[in-house]
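Q: Could you have a look at this structure, given as structure tokens, before my questions?
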Amino acid sequence: MKTYRLGSNEAVHAPGVVKWAKAHYWHKPDRPALRKVIMGWKVPEAAVDALLSGAVPYTVEDETVVFSYEE
């Protein structure tokens, strides 16, 4: 199992981006674009799909989104 850490910076608040992407992931035509946003953190597409679909839980540590995914 690999743990991913999506960090924030001055321009991007990772917890907010993940919350936004999850809220819109139900709309199938938008899914490729939403996955691409999260994949910008160098996360594989399958792990992003699991995160955004709610198949895996995540936590927020300070301003970093943390989740684990079995490759």
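The values are calculated or read from the model by the stated rules, or taken from the named source; none is laboratory data. Treat the numbers as computed from the prediction; the structure is a model and nothing was measured. All Cβ positions, even for glycine, are placed from backbone atoms using ideal geometry, and neighbour counts span all protein chains on display. Only protein heavy atoms, including side chains, enter the accessible area calculation; ligands, DNA and RNA are left aside. Shrake-Rupley method; radii C 1.70, N 1.55, O 1.52, S 1.80 Å.
Q: Would you calculate a helix-derived [θ] at 222 nm for the chain, using -39,500 (n - 2.57) for each DSSP H run of n ≥ 4 and dividing by the full residue count, to the nearest 500?
A: Values: 3 runs with 29 residues, N = 71.
Helix-only estimate at 222 nm: -12000 deg cm²/dmol.
Q: With labels modelled as points extended 7 Å from the Cα through the Cβ direction, what inter-label distance (nm, one decimal) is found for K19 paired with R5?
A: It is 2.2 nm.
Q: Mind checking the alpha-carbon convex hull of the chain and giving the volume per residue in Å³?
A: 78 Å³
Q: Per residue, how many Å² of accessible area does the chain show with a 1.4 Å probe? Write down the numbers at each step before the final one.
A: Working: 4540 Å² over 71 residues.
I get 64 Å² per residue for the chain.
Q: Test of understanding: what is the full-extension gain from V37 to A55, defined as 0.36 nm times their sequence separation minus their Cα-Cα distance? Provide the component values of the computation, followed by the final result.
A: Details: separation 18, 0.36 × 18 = 6.48 nm, distance 1.83 nm.
That pair, V37 and A55, stretches by 4.7 nm at full extension.
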